[in-house]
Amino acid sequence: MKRLSNHGVGLAPARDLVTPVSSHNEWDPLEEVIVGIADGARFPPWHAAVEAVLPPAKADHIRAHAGQAFPADIVDGARRELDLFSALLEREGIKVRRPDPRDKQASFGGPGWTSTGLYEAMPRDVILVVGDELIECPMAWRSRYFEVLAYRPLLKEYFAAGARWSAAPRPELPDRLYDDGWRQAGGELPPRLAVSEFEPTFDAADFIRCGRDIFVQLSHVTNRMGVDWLRRHLGGAYRVHEVAFDDDRPMHIDASLMPLAPGKLLINPERVRIVPELFKAWEVRAAPPPPPRTQPLFLCSGWINMNVLMLDPQRVIVEAQDDPMAEALEAWGFEAIRCPFRHFHALGGSFHCATLDVRRAGGLESYF
Ligand code: ARG
């Protein structure tokens, strides 16, 4: 556990506080993690920010099933995989926490809109951990407006134990937030986004942490006002760098850019044509192409193969059938630990999405 010194010099007698939340990057030794759940997962109700990120071949299917339950075999398979994954992490000595399932069928809303819920499968999307702070994100998908409530029992517990806990300004999500301009997009960088600058919105998974340097992509859920809000909120101890990739469906950076350890960056070779300048001194390798698969991917691309989770700077969790990725990472000096996760992929993510690293050993450093 990390120790924080008491800043109240001269007030109370000096006392060390143990913080339950401390995570500065994607690779320090993992000590405690939240793993999502698949129970009751539903397709998102339809709106522009949803349509903009869908694989074109899947859009019609998802529109037809908007708001309905995911196929039971996928949810059951994903549940089994998440339980196996959690058991694997526990065997490695990592404390695993799970959210509380909520009723995703219940409708809720804001001024002028209503929605039903999505899932509690991807804690990575909803909460950003920066050091000892938990930040609730202003999600642009209406179906995700209250998703964070599934994690509130844990957030309250971490808060009671000394973590800092905050939330970005609560968005209004009116129709005018969404911008149809992305339909006419012609390969601009960054692409035309499905969210306007009406108010700040961002998903935590559009950020990736390397100590004092945090990288972010603008996406169909993360706008510039959202990035500015976070940058100002974090203050001078952090540098928030905006990066843009060749991706006209951007949503979540963790299938495009994956820092695996200090000096080692995995990139999506289709999207990252120019490696961000700061990584010039790092060894950069391209992710191998995704392996063929029979199960459908509804909400993401095959590049979800690079959505790996680091247990420490050497050990990495890789999908059980993904030989190309396991071999590529082994050849790079990592130890690949395999875990089946193919059903979970259908929900739109993999190991990095499915987790939120609440505590990793190690402190705040500069890696550039
Ligand atoms: N948009 C990415 C892709 O299709 C998937 C990223 C999923 N990440 C997440 N944290 N849910 O390649």
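Have a look at 205, 194 and point out the one that is closer than 23 Å to residue 40 by Cβ and either surrounded by 22 or more Cβ atoms within 10 Å (Cβ to Cβ) or within 16 Å of the ligand (Cβ to nearest atom) (or both). It is 205. What do you reckon, is residue 99 closer than 27 Å to residue 157 by Cα and within 16 Å of the ligand (Cβ to nearest atom)? Yes, satisfied. Which pairs turn up if I take residues in the stretch 159-173 that are closer than 25 Å to residue 223 by Cβ and look for partners that are modelled with pLDDT of 95 or more and of a type in the set (Val, Ile, Thr) with beta carbon separation below 6 Å, at least 6 apart in sequence or on another chain? The qualifying pairs are 166/135; 171/201. Residues that are open to solvent by less than 10 Å² (accessible area, probe 1.4 Å) and of a type in the set (A, V, I, L, M, F, W, C) within the stretch 142-153 comprise just one, 150. Checking each residue in the stretch 337-368 for being acidic (Asp, Glu) and either surrounded by fewer than 23 Cβ atoms within 10 Å (Cβ to Cβ) or on the phi > 0 side of the Ramachandran plot (or both) picks out only 365.
What about residue 240, is it more than 16 Å from the ligand (Cβ to nearest atom), outside any helix (DSSP H, G or I), open to solvent by less than 40 Å² (accessible area, probe 1.4 Å) and farther than 16 Å from residue 332 by Cβ? Yes; evaluated as a whole, the condition is true for this residue. Of all the residues in the stretch 161-191, those that are over 30 Å from residue 358 (Cα atoms), open to solvent by 50 Å² or more (accessible area, probe 1.4 Å) and small (Gly, Ala, Ser) number 2.
Residue by residue, here is whether (1) open to solvent by 50 Å² or more (accessible area, probe 1.4 Å); (2) among the β-branched types (Val, Ile, Thr) holds:
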{"residue": "60", "(1), (2)": "yes, no"}
{"residue": "66", "(1), (2)": "no, no"}
{"residue": "75", "(1), (2)": "no, yes"}
{"residue": "79", "(1), (2)": "yes, no"}
{"residue": "85", "(1), (2)": "no, no"}
{"residue": "95", "(1), (2)": "yes, no"}
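Test residue 317 against the criterion of being in contact with a strand residue (DSSP E or B) (Cβ under 7 Å, 6 or more places away or on another chain), farther than 23 Å from residue 55 by Cβ, within 16 Å of the ligand (Cβ to nearest atom) and in a strand (DSSP E or B), and give yes or no. For residue 317, the condition - in contact with a strand residue (DSSP E or B) (Cβ under 7 Å, 6 or more places away or on another chain), farther than 23 Å from residue 55 by Cβ, within 16 Å of the ligand (Cβ to nearest atom) and in a strand (DSSP E or B) - is met. Remark: pairs (first residue in the stretch 243-255, within 6 Å of the ligand (Cβ to nearest atom); second residue of a type in the set (Val, Ile, Thr); Cβ separation under 8 Å; 6+ apart in sequence or on different chains) = 251/53; 251/221; 254/208; 255/304.
For the stretch 272-294, filtering for residues that are open to solvent by less than 50 Å² (accessible area, probe 1.4 Å) and assigned to a loop (DSSP other than H, G, I, E, B) leaves 8. From the residues in the stretch 285-312 that are touching a strand residue (DSSP E or B) at 6+ places or on another chain (Cβ under 8 Å) and of a type in the set (A, V, I, L, M, F, W, C), which one is nearest to the ligand (Cβ to nearest atom)? Per the criteria, the residue is 306. Looking at 120, 136, just one residue is under 29 Å from residue 95 (Cβ atoms), under 15 Å from the mean Cα position of the chain (by Cα) and without any contact (Cβ under 8 Å) to a residue 40 or more places away in the chain, and that residue is 136.
Filtered by the rule that a residue be aliphatic (A, V, I, L, M), outside any strand (DSSP E or B) and out of contact with any Cys (no Cβ under 7 Å at 6 or more places or on another chain), the stretch 243-267 gives 244, 251, 253.
The values are calculated or read from the model by the stated rules, or taken from the named source; none is laboratory data. On a predicted model such as this, the values are computed, not experimentally measured, just so you know. A quick note on method: Cβ atoms are made from the backbone with ideal geometry, for glycine too, and the neighbour counts reach across all protein chains shown. Ligands, DNA and RNA are excluded from the accessible area calculation, which covers all protein heavy atoms including side chains. Shrake-Rupley method; radii C 1.70, N 1.55, O 1.52, S 1.80 Å.
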